[in-house]
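Heads up, the thing below is written out as structure tokens.
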Amino acid sequence: MKKISILSVFAVLVMPAFAEENSAPVVSNDVVADGAVVEQNESDVVAQYSKQFETPRADNTETVSNPKIRFPHGMQLGAGVAPTSGLNGFIGYNNKNFDSFWAKRLGIRFDWASTKPVKSFINKGIDKFMGDDGIEINDEISIVDGAIKAQHMGALVDFYPFGDTWFLGGWRLSGGYMFGNLDINAKLQGTVDGLPSGTIEFEFDGTNYRYLGNDVYGNATAKWKFHGPYVGTGFDIGLFAGLKIFMDAGVVFTNKAAELNLDVDVNNLQYKDGDTWKNFAGDPNYNNLVADFNARKDAELQDAQDELDKYKFYPMVKMGLMYRF
């Protein structure tokens, strides 16, 4: 009988100790077949034990013991515009292939938007809208420059009532929580010709004022820093290969309303004392006049603020393209 080498002995005696529980039984270099001893080659013995350590070949067939991994399917990315917040984007997950009634109907999104990436585009749009002469408030005062800065971010949960039903499956109800801010700035300017007949006269808290010069300017602002629950609805319509059109509309029930402010130039300003118009400039009581004017202006602003405080919701409309993997 042929002697076996040291390699064959190693394969027979040592390698089974490292084999898994379901490894093949150890056989010798000689195999009994039909009552006769059949000699095996050394290479066959080594190959036989090497098979125990081969990595099983991947099987993509979906079975009970080998289900497909479904989580990566349903990742979604979106990009679009939000008129009240700027350039909008989101990342989320919603898988319509789940068998579960609830799993296929629920989705999550992290949503954000900002005017910073399109700041120059927005400013050009505002300037074009206003034109060279601005927007007239009356015959003598105009808004000559404006700027808008806004952003928001938040987390949303989407519910698709119709699951994966064709067409209706794209409709969703959304809820979540949003943080954001909106800043609006407008510059006021006017030129009065033919004074005193063309004076600009206005009233603050029962006191009459008017400008005595040809150049009048001021600055009006509205600042809104908000956070609160979001409720809305929307849809996504498939185009091809996972590409979809999306649209959302809803409101944020904010913690507070926008804050108004108005700065008015006191140069060339007059106030009415009885039937007589008096100048601010040169008046011995100038500082007190300015303080009183600002107090009356703030009182008027407070009245406007009280009305605005009744509306503590921030509207959001978003639209664009999304891709669901």
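The values are calculated or read from the model by the stated rules, or taken from the named source; none is laboratory data. None of the values given here were measured: they were computed from a predicted structure. Every residue, glycine among them, receives a Cβ derived from its backbone with ideal geometry; neighbour counts consider all protein chains shown.
Just a few scattered comments:
- Residues in segment 245-259 that are surrounded by fewer than 19 Cβ atoms within 10 Å (Cβ to Cβ) and charged (D, E, K, R): LYS256, GLU259.
- Screening the candidates LYS297, LYS278 for the property of being basic (Lys, Arg), at pLDDT 85 or above and either assigned by TED's automatic domain parsing to the domain that holds TYR211 or within 44 Å of the chain's Cα centre (by Cα) (or both) yields one hit, LYS278.
- In this entry, VAL266 passes the filter for residues that are among the β-branched types (Val, Ile, Thr) and either outside any strand (DSSP E or B) or in contact with a Cys (Cβ under 6 Å, 6 or more places away or on another chain) (or both).
Each row is one residue, and each column tells you yes or no for (1) modelled with pLDDT under 85; (2) among the hydroxyl-bearing types (Ser, Thr, Tyr); (3) exposed (fewer than 15 other Cβ atoms within 10 Å of the Cβ).
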position	(1), (2), (3)
GLU201	yes, no, yes
ASP205	yes, no, yes
ARG210	yes, no, no
GLY213	yes, no, no
VAL216	yes, no, no
THR221	no, yes, no
LYS225	no, no, yes
PRO229	no, no, yes
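- Screening ILE237 against (1) among the β-branched types (Val, Ile, Thr); (2) part of a strand (DSSP E or B); (3) surrounded by 14 or more Cβ atoms within 10 Å (Cβ to Cβ) leaves a single unmet condition, (3).
- Among the residues of segment 152-191, those identified as within 25 Å of ALA82 (Cβ to Cβ) and among the hydroxyl-bearing types (Ser, Thr, Tyr) are TYR160, SER174, TYR177.
- Flag for LEU269 being in the same structural domain as TYR209 (by TED's automatic domain parsing), crowded, with 16+ Cβ neighbours inside 10 Å and without any contact (Cβ under 8 Å) to a residue 40 or more places away in the chain: no
- Condition check for GLY180: at pLDDT 85 or above and either more than 19 Å from PHE313 (Cα to Cα) or in a loop (DSSP other than H, G, I, E, B) (or both): no
- All positions within segment 240-260 that are part of a strand (DSSP E or B), of a type in the set (Val, Ile, Thr) and within 30 Å of GLU300 (Cα to Cα): VAL251, VAL252
- In segment 183-199, residue farthest from ALA299 (Cα to Cα) [restricted to those that are modelled with pLDDT under 75 and of a type in the set (Gly, Ala, Ser)]: GLY194
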